1. For a Förster distance of 41 Å, can you work out the FRET efficiency between the beta-carbons of Ser123 and Ser22, rounded to the nearest 0.05?
2. How much accessible area per residue does segment 53-98 have, counting only protein heavy atoms and a probe of 1.4 Å, in square angstrom?
3. Please report how far the C-alpha centroid of segment 59-123 lies from that of segment 12-51, rounded to the nearest whole angstrom.
4. When the chain is modelled as a GNM with alpha-carbon springs shorter than 10 Å, which of Ala39, Ala74, Ala23 fluctuates the most?
5. Counting Lys +1, Arg +1, Asp -1, Glu -1, what net charge surrounds Gly55 among other residues with beta carbon under 13 Å of its beta carbon?
6. Which of Gly103, Gly54, Gly32 ends up with the largest GNM mean-square fluctuation for the chain, with Cα atoms connected below 10 Å?
7. Tally Lys/Arg at +1 and Asp/Glu at -1 over every other residue whose Cβ is under 12 Å from the Cβ of Ser6; what's the total?
8. What is the sum of charges, Lys and Arg at +1 and Asp and Glu at -1, for the other residues whose Cβ falls under 12 Å from the Cβ of Phe67?
Amino acid sequence: VQLQASGGGLVQAGDSLRLSCSASARTSSNNGMGWFRQAPGKEREVVAAISWNGGNTVYTDSVKGRFTISRERAKDTMYLQMNNLKPEDTAVYYCATARGSFGTRQQGDYKYWGRGTQVTVSS
């Protein structure tokens, strides 16, 4: 399975971006998925995660109310709508497929990872 994240770019504070994550095969449709990010000099952290059917979502506190995770199983695609972006959101964003049906906050619970897409937010 290959995951491809896209949609990153350079934006100003307060702007919006939508990230997409496409899976190469129908092997993620019954699995949870997640978005993670890694800023320069920092460890990779969870941003948001979603269950296999989209019914359960989790967010890290810093993005609650600004970011929305969603997925279209029929298209093997997951999204991250990011609104009111802040400079501290600057990072490489990665998508991942979980081993189980639910997306979790633990990186060890994920089995497939995409290459990442850069998001840069200027002040």
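The values are calculated or read from the model by the stated rules, or taken from the named source; none is laboratory data. The shown structure was predicted, so the numbers you read here are calculated from the model rather than taken from an experiment. Because the Cβ atoms are built from the backbone with ideal geometry, glycine has one as well, and the counts that use them run over all protein chains shown. Accessible surface is based on the protein model in full, side chains and every heavy atom, while ligands, DNA and RNA are left aside. Shrake-Rupley method; radii C 1.70, N 1.55, O 1.52, S 1.80 Å.
1. Plugging the Cβ-Cβ distance into 1/(1 + (r/R0)^6) gives 0.85.
2. It amounts to 44 Å² per residue over segment 53-98.
3. So the two Cα centres are separated by 2 Å.
4. Looking only at Ala39, Ala74, Ala23, the biggest GNM fluctuation is shown by Ala74.
5. Residues near Gly55 contribute +2 overall.
6. Highest fluctuation among the options: Gly54.
7. Net local charge, Ser6 excluded: +2.
8. So the surrounding residues net to +3.
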